[in-house]
Amino acid sequence: MDYYDQHVHTDFSFDSDEKMAAYLKLAGDNFVSTEHLDFKDPDDKDGDDLFDYDAYSREIHRLEEDTGKHIFKGVEIGYFAGREKDIKSYLKKHDFDIKLLSFHRGPDYDFDDSMVSQMDPLKVADQYYRLMWKGINAFHDADVLAHFDYGVRQLNLTSGMFETTAGVLLANILKLAVRYNMAFELNTTSMYKYHNIGLYDYALEIYKQLGGKRFTIGSDAHDTTQYMRNYENAVDMLKAHDIHHVNVYRKNAMIIVPLDDVDEGIKY
Ligand SMILES: [Zn+2]
């Protein structure tokens, strides 16, 4: 089986206008979208960013009939401290093949806001990884830890700087991820758009040394031009760390896709 992108947004997510049908033209036999589920501060004037699960399921059903492809259901859980109960109750009521766990927002801002670049990097990193520690303790039954570096995207940290500011916190977080069989996501938006390849080299090796064996590659596409973006580069990074498989998720199943088979497919 071929690998397929494990982190994709369609217009069911608040920040994407792309139709699922458009992705399906590019996809092989299998496709998954991972839509945003963002509970926020109850006082936030914009309200929570949830998606219409029933409409999502209907569209998947319609497109499966139409195209004969398998379409899987995914969610990107944006953890928000204080809304754990709401997140849990939503997840209890809705079925997904894959659950990504993400950290986007602190109480006052989204960590990807450009204003973060003006803040004290030590403070930002400390705040972000404390949030992640809290969240991963509450939601370690998710399948994948998505873009572990989201909170420091605006800081341009080298891996050395990262290690001094957040190394200990991240090692503890990855230990927990390994203990609960959560996959490590190679987020190609982080790696190639935000130039955090160095941080991925660093964190991937720690996850692996701690015994982590599950890896996903996700483009975090919000439109079709980004689908599977830089996939081959991420494969090269895995191989450089002597990792020769990636994982894909189905409800109650985790599939190992060997990378060497993929190579042979390309060679011959
Ligand atoms: Zn995403």
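The values are calculated or read from the model by the stated rules, or taken from the named source; none is laboratory data. Here the structure is a predicted model, which means the values were calculated and not measured. As a convention, Cβ positions derive from the backbone with ideal geometry for all residues, glycine included, and neighbour counts pool all protein chains shown. In case anyone asks, the SASA skips ligands and DNA or RNA and just uses the protein heavy atoms, side chains included. Shrake-Rupley method; radii C 1.70, N 1.55, O 1.52, S 1.80 Å.
Answer yes if at least one residue in the range 53-69 is open to solvent by 40 Å² or more (accessible area, probe 1.4 Å), in contact with a Lys or Arg (Cβ under 9 Å, 6 or more places away or on another chain), within 16 Å of the ligand (Cβ to nearest atom) and more than 24 Å from PHE184 (Cβ to Cβ), and no otherwise. Within the range 53-69 (the criterion being open to solvent by 40 Å² or more (accessible area, probe 1.4 Å), in contact with a Lys or Arg (Cβ under 9 Å, 6 or more places away or on another chain), within 16 Å of the ligand (Cβ to nearest atom) and more than 24 Å from PHE184 (Cβ to Cβ)), the answer is no, since none of the residues qualifies. Inside the range 204-233, residues that are surrounded by fewer than 21 Cβ atoms within 10 Å (Cβ to Cβ), among the hydroxyl-bearing types (Ser, Thr, Tyr), part of a helix (DSSP H, G or I) and touching a residue at least 12 places away in the same chain (Cβ under 8 Å) make up a count of 2.
In the range 100-128, of all residues being in contact (Cβ under 8 Å) with a residue 60 or more places away in the chain and either charged (D, E, K, R) or surrounded by 15 or more Cβ atoms within 10 Å (Cβ to Cβ) (or both), the one that is farthest from the ligand (Cβ to nearest atom) corresponds to ARG105.
Hey, among the residues in the range 17-46 that are open to solvent by less than 20 Å² (accessible area, probe 1.4 Å) and of a type in the set (D, E, K, R), which one's nearest to the ligand (Cβ to nearest atom)? My answer is GLU35. Considering only residues in the range 1-16 that are closer than 21 Å to PHE148 by Cα, in contact with a Phe, Trp or Tyr (Cβ under 8 Å, 6 or more places away or on another chain) and not polar (S, T, N, Q), the one that is nearest to the ligand (Cβ to nearest atom) turns out to be VAL8.
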